[in-house]
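Asker: Quick one: the structure is below, questions incoming.
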Amino acid sequence: MNNNNGEIKKMMIILSKGTLENVYAAFVLANGARMEGIEAEMFFTFFGLEAIHKKKLSHLHVATVGNPAMHMPTMLGGLPGVEALATSMMKKEMEKIDMPGVEEFLEILTASGVKLWACKLAMDMFHYKKEDMYEGIGDVITVGDFYKKSAGEGTQMLFI
Amino acid sequence: MEKIIAGKSIAVNEEGYLTRFDQWDENIGETLAGEANIQLSPRHWEVLTYLQNEFKKEVPLSIRKVGKSGVVDIKEFYQLFPVAPLKTATKIAGIPKPASCI
């Protein structure tokens, strides 16, 4: 039985996507948890690994195709340069609201005590090595390890 | 609503934040810090003074801004105020809770 009144004590956030809007959503949620005194850990898997890949993390894009909320015809979204244009517009808007870039955001997260983990299976699949990844990550772990780290009352898990 | 802090009746909101900064003094800061289980050191006071100055200049506060302030970095900010640093520090400083998400 749960006797902690439903209070959230730890957020376990799984990031499986590498599009800028999803990466930011996960980062804001993790940082927001720490700002409220809630522990936070992140598990980067599949395309989510791009957010912690040294050479890729500064080049993430928003998705212009297959995203109806962009209000852009799919054919147009697929034209060369459109994705880059949409991304640069979004980055400008984000800077206006004091949103850090991906690398700076990772620094904020690690300084705030967010633990970052890379998924072993996805690392193997993409042939990434730990040296390829952002220095602030804790380790390369399995899904089982991640579940073990999630133990405890008041833990919530989120898949993005 | 009113709350007795350090022997004085102080105007606070439902979360315990002072609603009138002019009622704040260092004793109140010490008492509010005690309620948050924090023993204030000179480093704490440097950060609290910085936050109050930003408030007086009407600059909206965020973790990112505090980290770039040159007064304290984010890691130390979390060491000084381990649980919800921006919320806790602004409460002790007698200024409103920042509405920032980052």
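The values are calculated or read from the model by the stated rules, or taken from the named source; none is laboratory data. All values reported here derive from a predicted model rather than from experimental measurement. Glycine also receives a Cβ, built like all others from the backbone with ideal geometry; neighbour counts cover every protein chain displayed. Areas reflect the complete protein model, heavy atoms only, side chains present, ligands, DNA and RNA absent. Shrake-Rupley method; radii C 1.70, N 1.55, O 1.52, S 1.80 Å.
Asker: With bins 5 Å wide starting at 0, give me the P(r) of the protein assembly as shown over every alpha carbon pair, in whole percents.
Answerer: 1, 5, 12, 14, 15, 14, 13, 10, 7, 5, 3, 1, 0, 0
Asker: So, one more: Give, in whole angstrom and from largest to smallest, the semi-axes √(5λ) of the equivalent ellipsoid of chain B, with λ running over the eigenvalues of the Cα gyration tensor. Spell out each step's value before the answer.
Answerer: Numbers: eigenvalues 90, 44, 28 Å².
Result for chain B: semi-axes of 21, 15, 12 Å.
Asker: Which of the pairs A:Lys92/B:Lys56; A:Lys17/A:Lys92; A:Lys129/B:Lys65; A:Lys130/B:Lys75 have their Cα atoms more than 26 Å apart in this structure? If you can, show how the numbers build up before the last one.
Answerer: Working: A:Lys92/B:Lys56 28 Å; A:Lys17/A:Lys92 22 Å; A:Lys129/B:Lys65 34 Å; A:Lys130/B:Lys75 24 Å.
Pairs exceeding 26 Å: A:Lys92/B:Lys56; A:Lys129/B:Lys65.
Asker: Now for a separate question. Taking θ = phi - 60°, what integer Hz values does the Karplus form 6.51 cos²θ - 1.76 cosθ + 1.60 yield along the stretch A:124-141, in sequence order, with x for Gly and Pro?
Answerer: Couplings: 5, 5, 8, 6, 8, 10, 4, 5, 6, 9, 3, 4, x, 6, x, 6, 9, 10 Hz.
Asker: Which order do peptides B:78-88, B:52-62, B:26-36 fall in by mean Cβ count within 10 Å, highest first? Show your work: numbers first, answer last.
Answerer: Working: B:78-88: 18.8, B:52-62: 14.1, B:26-36: 16.5.
Result, highest mean Cβ count within 10 Å first: B:78-88, B:26-36, B:52-62.
Asker: List, in order, the whole-Hz ³J(HN,Hα) value for each residue of the stretch A:23-31 obtained from phi through the Karplus relation with A = 6.51, B = -1.76, C = 1.60 and θ = phi - 60°; use x for Gly and Pro.
Answerer: Coupling constants for the stretch A:23-31: 4, 4, 4, 5, 5, 5, 5, 5, 5 Hz.
Asker: Which longest run of chain A has no exposed loop site in it, a site being GluC sites (Glu not before Pro) in a DSSP loop with at most 15 other beta carbons within 10 Å, and the site itself not part of the run? Display every interim value, and only then the final one.
Answerer: On the way: sites that count: A:Glu7, A:Glu36, A:Glu135, A:Glu153.
Longest site-free region, per DSSP loop and neighbour criteria: A:37-134.
Asker: Based on alpha-carbon centroids, what's the gap between the stretch A:109-160 and the stretch A:67-107 in Å, whole number please?
Answerer: Spelled out, the Cα-based centre of one part sits 26 Å from the other.
Asker: Here's something else I'd like to know. With every protein chain present, what is the per residue accessible area of the stretch A:1-71 (1.4 Å probe, Å²)?
Answerer: Numbers: 3290 Å² over 71 residues.
The answer is 46 Å² per residue.
Asker: Spelling out what I want: for every residue of the stretch B:68-84, take phi, set θ = phi - 60°, compute 6.51 cos²θ - 1.76 cosθ + 1.60 (Karplus), and round to whole Hz; glycine and proline get x.
Answerer: 8, 5, x, 7, 8, 8, 5, 4, 5, 4, 5, 6, 6, 10, x, 9, 6
Asker: I want to make sure I understand the PRE zone here: with the label point 7 angstrom from the Cα of A:Gln156 toward its beta carbon, which residues in the stretch B:69-93 have backbone N atoms less than 20 Å away?
Answerer: Those under the cut-off are B:83-88.
Asker: A:Met157's amide H: which non-local residues (gap 5+, or another chain) put their own amide H closer than 5 Å, with H modeled 1.01 Å from N in plane and none for Pro or chain starts?
Answerer: Correct list: A:Met12.
Asker: Can you give me the angle between helix B:42-56 and the longest principal axis of chain B, using Cα atoms only, in degrees from 0 to 90, rounded to the nearest 10?
Answerer: 80
Asker: Rounded if a/c is under 1.5, else prolate if a/b is larger than b/c, else oblate: which is the stretch A:44-160, with a ≥ b ≥ c the root eigenvalues of its Cα gyration tensor?
Answerer: Working: a/c = 1.85, a/b = 1.70, b/c = 1.09.
Prolate shape, in that a/c is at least 1.5 and a/b is the bigger ratio.
Asker: Continuing with the same structure: What ranking of A:His59, A:His53, A:His127 comes out by heavy-atom accessible area, probe 1.4 Å, highest first? Don't skip to the end; give the middle numbers.
Answerer: Numbers: A:His59 130, A:His53 15, A:His127 150 Å².
If we order A:His59, A:His53, A:His127 from most to least accessible, we get A:His127, A:His59, A:His53.
Asker: Report, by chain and number, residues whose modeled amide H sits under 5 Å from the one on A:Met133, excluding near sequence neighbours (fewer than 5 apart, same chain).
Answerer: Here A:Lys54 satisfy the definition.
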